[in-house]
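Below: the structure, in structure tokens.
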Amino acid sequence: MTVTIGINGLGRIGRSLTRIVASVPNPGVEIAAVNDIASTEKLAYGLRRDSIRGSFPGTVTARGDYLVVNDHAIRAFHHERPERIPWADHGVDVVIEATGRFRAGTTARQHISHGGARKVVISASADDPDAFLIFGANHQSYDPVGHDVVSPASCGVNALTVMAKVLLDRFGLGSVNTSVILAGQGWQRVQDSAVGNSRDDPRLGRAGGESIIPHNYVVGDLVRVALPEIGEMRYSYYCVPTPIGSLAELSGQTGRPVTADEVNRAMAEAAAGPLRGILAYDPDPTVSVDVKNNSASCLFDPSGTQTTADGGVKVRGWFDNEWGFSNRLLDLARLVGGRLPVGSSRVSWSVA
């Protein structure tokens, strides 16, 4: 089954989504329409040339009200408000809300009530969606009847959650602390600005290339929304001046003392088994650029694993904050766009 999607906002995430769909054989989704306040010509140029991803793997042209991507015509709208976009006129079933502006569940729902779509996936840690669904952790709790507006939280939450899932299922996990070092974001400024960001913290308007900037508005404790068994947790996020590639670290207490080898083996088994494609494992010493274009939510780094005799554990993983997250958005669009029952949430782990 091919799910027909529309993308509201052709920024960093929207362009990544378009590139993935255009480059993957049989992606299971088809982009019928996009909406962005930029002109169709500028949207085409932004797809053809990208300072991080390079040239588009194919052809992109603007023809009237359409983007033509590898000979596939995509209707381009230019509305500022979601309630004005006629998604149903172009057969859109699922809208990926990727503007970063309409992250409230009530606002995003207008893609359904006014635009005629059936489901909405918000590409952010949304405010009051019907559900937060993180692939590899709780996505099988999706309710086709009750979950119309959903969110996969954030790229950092996805990376942390898949590592926490393995630890929790294999060894037990509590007293969790997390930290995310996030590559530069599209909303950051080259020079200091007092306006233009969506949050009250003036630090988020400081020059992104000059400082490590705390980002307290990224909701790290959404990990325990997906995995409530871990209980209370503490978290921190920082934006750093690197163009792509981010780092997630998680520490806590396991249910019994474990060794670093046991933890790394559990992660490798999960990456090769039930979390294939969501968790990846790389035995080589890695740095942030090594995760560029990696489609997993987390590239586990076994060299970062530490344990203590009393059950303490610390792990780390890398993630491409645009590419990996965009792949999860497409996974979620395929899930909510399908009309078949959702499978069992049981996971079988290797005991080798």
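The values are calculated or read from the model by the stated rules, or taken from the named source; none is laboratory data. Bear in mind that the values here come from a model prediction, so they are computed numbers and not experimental data. No Cβ is skipped: glycine too gets one built from the backbone with ideal geometry, and neighbour counts run over all protein chains shown. With ligands, DNA and RNA removed, areas are computed over all heavy atoms of the protein, side chains included. Shrake-Rupley method; radii C 1.70, N 1.55, O 1.52, S 1.80 Å.
Take each of the peptides 181-190, 151-160, 10-19, average the number of other beta-carbon atoms within 10 Å over its residues, and list them starting from the highest. Before the final figure, lay out the partial values.
Numbers: 181-190: 16.9, 151-160: 29.1, 10-19: 24.0.
Going from most to least packed, we get 151-160, 10-19, 181-190.
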For Lys165, go through the aspartates and glutamates and keep the ones whose alpha-carbon is under 18 Å away, minus same-chain ones fewer than eight residues off. Asp221, Glu229, Glu232, Glu249, Asp261, Glu262, Glu269, Asp301
Using the 2.2 N^0.38 Å rule of thumb for compact globular proteins, work out how the chain stacks up: its C-alpha Rg over that value, please. 0.98
Compute the long axis of helix 260-272 from its Cα atoms, compare it with the longest principal axis of the Cα atoms of the chain, and write down the angle in degrees, 0 to 90, nearest 10. 30
Relative to the longest principal axis of the C-alpha atoms of the chain, give the angle of the C-alpha long axis of helix 155-171, reported between 0 and 90° and rounded to the nearest 10°. 30
Skip the ligands, DNA and RNA, and give the accessible area per residue of the range 75-115 with a 1.4 Å probe, whole Å². 45
How high is the relative contact order of the range 6-66, in percent, with contacts defined as C-alpha pairs under 8 Å that are six or more residues apart? 34
How far apart, in nanometres, would the label points at Ala104 and His78 be if each is projected 7 angstrom from Cα along the Cα-to-Cβ direction? 2.8
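Where the only charges are on Cβ atoms (+1 Lys, Arg; -1 Asp, Glu), what is the dipole of the chain about its Cα centre, to the nearest 20 debye?
Details: 34 positive and 36 negative charges, 86 e Å.
Dipole magnitude for the chain comes out near 420 debye.
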As a test question: what accessible area, to the nearest 10 Å², does Trp323 have when a 1.4 Å probe is rolled over all protein chains in place? 40
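Taking Rh as the Kirkwood radius computed over C-alpha pairs, what is the Stokes-Einstein D of the range 158-230 at 25 °C in a medium of viscosity 0.890 mPa s, expressed in µm² per second? Walk me through the numbers on the way to the answer.
Numbers: Rh = 14.3 Å.
In µm²/s, the coefficient is 172.
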Heavy-atom accessible area per residue, the range 217-289, 1.4 Å probe: how many Å²? 47
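For the range 87-165, what is the convex hull volume of its Cα atoms per residue in Å³?
On the way: hull volume 7.1 nm³, N = 79.
Hull volume over Cα atoms, normalised by residue count, gives 89 Å³.
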Mind jotting down the distance between the C-alpha centroids of the range 102-121 and the range 295-316, whole Å? 38
To the nearest 0.05, the calculated FRET efficiency linking Glu262 and Glu232 through their beta-carbon distance, R0 being 22 Å, is 0.30
Hypothetical label at Arg203: residues of the range 219-245 whose amide nitrogen lies under 17 Å (7 Å Cα-Cβ projection): 219-221, 234-242
Keeping all protein chains in position, work out how much accessible area Thr4 exposes to a 1.4 Å probe, and write it in Å² to the nearest 10. 30
Leaving out ligands and nucleic acids, and using a 1.4 Å probe, what accessible area per residue does the range 135-176 come to in Å²? 25
With unit charges on the beta carbon (Lys/Arg positive, Asp/Glu negative), name the residue among Gly174, Ala98, Pro285 whose Cα is farthest towards the positive pole of the charge dipole of the chain. Ala98
Got a sec? Charge dipole of the range 1-138, +1 on Cβ for Lys and Arg, -1 for Asp and Glu; which of Tyr45, Leu67, Val24 is way out at the positive end? Tyr45
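Taking all protein chains together and a probe of 1.4 Å, list Lys119, Lys292, Lys42 from the most accessible to the least accessible.
Of Lys119, Lys292, Lys42, the descending order of accessible area is Lys42, Lys292, Lys119.
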Set the Förster distance to 25 Å, then compute FRET efficiency between Asp290 and Ser141 from the Cβ-Cβ distance, nearest 0.05. 0.15
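Per the 1.4 Å probe, what fraction of the accessible area of the range 197-269, in percent, lies on carbon and sulfur atoms? Don't skip to the answer; put the middle values down first.
On the way: 1740 of 3580 Å².
Looking at the range 197-269 in its full context, I get 49 percent from C and S.
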Shape of the range 1-86, Cα gyration tensor, a/c cut at 1.5: oblate
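Take the Cβ-Cβ distance between Trp187 and Val24 as r, set R0 to 35 Å, and report the resulting FRET efficiency rounded to the nearest 0.05. Walk me through the intermediate numbers first.
Working: r = 27 Å, r/R0 = 0.78.
Once the sixth-power term is evaluated, E becomes 0.80.
For the range 108-244, compute Rg over Rh where Rg is the Cα radius of gyration and Rh is the Kirkwood radius from the inverse mean 1/r over Cα pairs.
Details: Rg = 16.8 Å, Rh = 16.5 Å.
Using only Cα positions, Rg/Rh for the range 108-244 is 1.02.
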Can you pull a Stokes-Einstein diffusion coefficient for the range 171-317 at 4 °C (1.567 mPa s), Rh from Kirkwood over Cα pairs, as a whole number of µm²/s? 77
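For n ≥ 4 DSSP H runs only, could you compute -39500 (n - 2.57) per run for the chain, divide by its residues and tell me the 222 nm figure to the nearest 500?
Details: 8 runs with 78 residues, N = 352.
That calculation yields -6500 deg cm²/dmol at 222 nm.
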Kirkwood Rh over Cα pairs of the range 287-336 into Stokes-Einstein at 25 °C, 0.890 mPa s: D in µm²/s? 198
In degrees, nearest ten, helix 323-337 long axis to first principal axis of the chain (Cα): 70
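Determine the gain in length on full extension of the stretch Asp310-His90; use 0.36 nm per residue of separation and subtract their C-alpha separation, reporting nm with one decimal.
Working: separation 220, 0.36 × 220 = 79.20 nm, distance 5.86 nm.
Contour length minus the Cα-Cα distance gives 73.3 nm.
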Sorted by chain and then number, the residues having a modelled amide H within less than 5 Å of the amide H of Arg189, at least 5 places away or on another chain, are Gly208
